[in-house]
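See below for the structure under consideration.
The values are calculated or read from the model by the stated rules, or taken from the named source; none is laboratory data. All values derive from a computational prediction rather than experimental measurement. Note that we place each Cβ from the backbone using ideal geometry, even for glycine, and neighbour counts take in every protein chain shown. All accessible areas refer to the heavy atoms of the entire protein, side chains included, with ligands and DNA or RNA removed. Shrake-Rupley method; radii C 1.70, N 1.55, O 1.52, S 1.80 Å.
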Amino acid sequence: MTERPTNDERLRRRADYQRCYRGGRRRHGTFATLHFVPNSLGVARLGITATRKVGPAVVRNRAKRRIREIYRRWPERQRLEPLDMVVHLKPSVRGCGFEELRKDLLRLWRPLTRRTSRAG
């Protein structure tokens, strides 16, 4: 089983979220927009946001739990560049299943991993 992300791997401060939104790059998926900016901490950190447009609190919290679980289970998580990432949920996440969300998020995250050397 994959290790649970530590508290050091979570965005907590509003300033960190704002830095991702204002100074970072973004990638758009079907169910979420990924905002990301390099950090100097040497580890990737994840934050999740969902506005009331996504739905009531039950729907927003379920979607956020799913994202955390997808991130936790992803074996390539350790190969991510040192980035601050914010997954901003779109209203379309309301009707999606776990597997659909997983595929969408992995499509957004994969290009951000370190390339391994093929020369052997």
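A few notes on this one:
- Residue check for residue 87: among the aliphatic types (A, V, I, L, M) and open to solvent by 90 Å² or more (accessible area, probe 1.4 Å): no
- Single residue of region 42-72 satisfying the filter (in a loop (DSSP other than H, G, I, E, B) and not hydrophobic (A, V, I, L, M, F, W, C)) that is surrounded by the most Cβ atoms within 10 Å (Cβ to Cβ): 55
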